[in-house]
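Scroll down for the structure; my scribbles are underneath it.
The values are calculated or read from the model by the stated rules, or taken from the named source; none is laboratory data. Because the structure is a prediction, the values reported are computed rather than measured. No Cβ is skipped: glycine too gets one built from the backbone with ideal geometry, and neighbour counts run over all protein chains shown. In case anyone asks, the SASA skips ligands and DNA or RNA and just uses the protein heavy atoms, side chains included. Shrake-Rupley method; radii C 1.70, N 1.55, O 1.52, S 1.80 Å.
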Amino acid sequence: MFSGFLAAGILEKAAAKGVLDIRVHDLRDWTDGKHRQVDDRPFGGGEGMVLMPGPIFKAVEAVRAETEAPVVLLSPQGRMFDTETARAWAVCRQVILICGRYEGVDERVGRHLADAEVSIGDYVLTGGEPAAMVVVDAVARFVPGVVGKAASVAHDSFAEGLLDCPHYTRPRVFRGHAVPEVLFSGDHARIGRWRRRQALAKTAALRPDLIGARPLSAADRSLLDEIRKERKEP
Ligand code: ADE
């Protein structure tokens, strides 16, 4: 599952440059017995199988190279993964991600091994693997040297608590839809204000929760007032 993800694009280039080292481990390597069993039936009865704590504890203890490395359990019960968390983990020398499974993971993993339990959204995946890929990708972008231009990360959606402004490239008119004139003005201060205004307007319309979550500068507040007046909001 991970080989395609790690063998292409920005992550592959970062690994080749040596700024990123992503290792995938198979829990079955820490099992006893010829069936290499990692799960068992739930105590108390019920559907499905539960991942046993033994192989997970052993695997984490074996791969942990940094005593400080955060151990993260991916599960739909976790706290929501976000850009702040991605940024925080990007400065760690090692982060250990444990992929759960939809039936469940023995509770002692979350309680006594993992430092954090995180979810990538309010939906249930068949396993934690796609969630781990999401987390790896989002964290990797904040690791210095992974994304070509650090500035492109700084201005992305959520980086400053707002959605990103719109971007356009050629052609100037596509199927009757023209690129906004301001972008051809050559006036970089004006373009900058326009982009900020667009980012604020888009965030206010699509993600008002983000607007409330952070203090805004005086300039942003007045832009937002203008936007609201135009939309005839209170
Ligand atoms: N495993 C299954 N569903 C998940 C989710 N939403 N987030 C993280 N890990 C998961």
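Scan the helices (runs of 4 or more DSSP H) fully inside region 1-81 and keep the ones with 3 or more residues being touching a residue at least 12 places away in the same chain (Cβ under 8 Å) and closer than 21 Å to THR126 by Cβ. Give the derivation first.
Values: elements: 2-6, 9-17, 53-63.
Result: 2-6, 53-63.
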* To do: Determine whether region 111-126 contains at least one residue that is away from the ligand (no atom under 13 Å from the Cβ), outside any loop (DSSP other than H, G, I, E, B) and under 17 Å from the mean Cα position of the chain (by Cα).
  => no
* Asked: What tally of residues in region 57-75 results from selecting those that are more than 25 Å from VAL146 (Cβ to Cβ) and either modelled with pLDDT under 95 or of a type in the set (Ser, Thr, Tyr) (or both)?
  -> 1
* Which of (1) within 16 Å of the ligand (Cβ to nearest atom); (2) open to solvent by 40 Å² or more (accessible area, probe 1.4 Å) does GLY48 not meet, given it meets every other one? -> (2)
* Structure fact -> Considering residues that are surrounded by 12 or more Cβ atoms within 10 Å (Cβ to Cβ) and of a type in the set (Val, Ile, Thr), the number found within region 149-181 is 2
* Can you find a residue in region 225-234 that is under 15 Å from ALA159 (Cβ atoms) and open to solvent by less than 90 Å² (accessible area, probe 1.4 Å)? -> no
* Filter region 127-175 for residues that are acidic (Asp, Glu) and away from the ligand (no atom under 16 Å from the Cβ) and give the result. => ASP156, GLU160, ASP164
* Evaluate the following for PHE184: is it surrounded by 10 or more Cβ atoms within 10 Å (Cβ to Cβ), touching a helix residue (DSSP H, G or I) at 6+ places or on another chain (Cβ under 9 Å) and outside the structural domain of ALA90 (by TED's automatic domain parsing)? => no
* Structure fact -> Scanning region 76-105 for residues that are in contact with a helix residue (DSSP H, G or I) (Cβ under 7 Å, 6 or more places away or on another chain) and either near the ligand (Cβ under 9 Å from one of its atoms) or open to solvent by less than 30 Å² (accessible area, probe 1.4 Å) (or both) gives PHE81, ALA86, TRP89, ALA90, ILE96, ILE98, CYS99
* To do: List the number of the failed condition for ASP39; all other conditions in (1) farther than 30 Å from PHE158 by Cβ; (2) within 12 Å of the ligand (Cβ to nearest atom) hold.
  => (2)
